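The values are calculated or read from the model by the stated rules, or taken from the named source; none is laboratory data. Quick caveat, the model's predicted, so the values are computed rather than measured. Here the Cβ is made from the backbone with ideal geometry for all residues, glycine too, and neighbour counts use every protein chain on show.
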Amino acid sequence: MKLERLISIIFKLLNNEILSASSLAEEFQVSSRTIYRDIEAICAAGIPVVSYHGTNGGFGIIKGYKFDKSLMGSYDILNLITVLSSLSRIFEDKEVEQTIERLKTLDTSGNTSALLVNLESDKTEPASLIDLRKAIQEKRVIHFDYVSKKNEFTSRELEPVHLHYKFRSWYVYGYCRERQNYREFRVSRMLNIILKQEKLLQTHEMKGDSSYSDFDLDGFEDVVIRVNPDSLAEVLDQFQNSSKVFNSDGSMTLTISVYQPLHAGWLKSILLSFGSGAKVLKPVKLQSILLDEAKKIMKVYKDV
């Protein structure tokens, strides 16, 4: 994982005068370009890494820089331990546990963390995550069956690059041999995962974090929902980051900005899960979509 690699690089820079990008790349089995990006991230965190040119050049931390006072305070260390502990539980990773132990020796404050993080997801089998990470670390090709968003079954071979946790779900990114291009797959939809003995034939760069900047901003539209008093908790669990107005009758009017809401299958599923506890006020076309889906559900249970 990138966080674990960054921490390890910091420790190595602290314990060595100079380290070359090529030696770090070889040790962590990534490209030199990735190491340069890691060094930039470390510098951005306020750690004074300097570069040395020449035959024996490389990177080092400015002499006299004190780790325990200047690099990370108790607050930083406790937060890192919290996040790494969650990753350790998911992947059953002994190396992460060793990193946690090293970090614990740096914190002598006796404080406890105010942050609790749980990256586990009931949408994904833990064994699948462990197998996928093993494939990434050992640079092995994986074969699996995949169920697309359109409920189409395909068989894929993937050269996995990294795992990504976002939107409360795990994804794996890599080079899909069937599509001959890079693709991202939701792990919960991957079935019959097999780690092949075949090794990756090429080096792949990690994908940057996706954000709303990747979307066409003109495609966003406000969705306005009126929530009954007895459904407030359920709706807030899903849409806490939204504009909220509480009404005199105890109900709530909630507004969220959604990318192409009429085509957002995830939104339709969540809104239907509220049952009669919430009503969409805008856009009107979304009302029709939900009504049509409700009629289909009624047909399924017409014999009950």
Next on the checklist: Restricting to region 11-23, and then to whatever is in a helix (DSSP H, G or I) and in contact with a strand residue (DSSP E or B) (Cβ under 8 Å, 6 or more places away or on another chain), can you tell me which residue is modelled with the lowest pLDDT?
Outcome noted: L14
Checklist outcome for this item: Considering residues that are in contact with a strand residue (DSSP E or B) (Cβ under 9 Å, 6 or more places away or on another chain) and of a type in the set (A, V, I, L, M, F, W, C), the number found within region 260-288 is 9
Checklist entry - Quick one: is S74 touching an Asp or Glu at 6+ places or on another chain (Cβ under 6 Å), in the same structural domain as S22 (by TED's automatic domain parsing) and either at pLDDT 70 or above or among the acidic types (D, E) (or both)? => result no
Checklist entry - Would it be correct to say that K196 is closer than 30 Å to A25 by Cα and surrounded by 11 or more Cβ atoms within 10 Å (Cβ to Cβ)? => result yes
Checklist entry - In region 1-48, how many are more than 24 Å from the chain's Cα centre (by Cα), among the acidic types (D, E) and exposed (fewer than 14 other Cβ atoms within 10 Å of the Cβ)? => result 2
Checklist entry - Looking at region 260-274, is at least one residue surrounded by 12 or more Cβ atoms within 10 Å (Cβ to Cβ) and in contact with a Lys or Arg (Cβ under 7 Å, 6 or more places away or on another chain)? => result yes
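Would you mind stating whether S188 is outside any strand (DSSP E or B), touching a strand residue (DSSP E or B) at 6+ places or on another chain (Cβ under 9 Å) and either surrounded by 12 or more Cβ atoms within 10 Å (Cβ to Cβ) or in the same structural domain as E157 (by TED's automatic domain parsing) (or both)? Please lay out each step first, then the result.
On the way: outside any strand (DSSP E or B): yes; touching a strand residue (DSSP E or B) at 6+ places or on another chain (Cβ under 9 Å): yes; either surrounded by 12 or more Cβ atoms within 10 Å (Cβ to Cβ) or in the same structural domain as E157 (by TED's automatic domain parsing) (or both): yes.
Yes: the conditions hold for S188.
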Checklist entry - Inside region 240-255, can you point out the residues that are within 22 Å of the chain's Cα centre (by Cα) and either hydroxyl-bearing (S, T, Y) or crowded, with 16+ Cβ neighbours inside 10 Å (or both)? => result S242
Item to check | Tally, over region 153-178, of residues that are farther than 20 Å from V30 by Cβ and of a type outside the set (S, T, N, Q) | outcome: 10
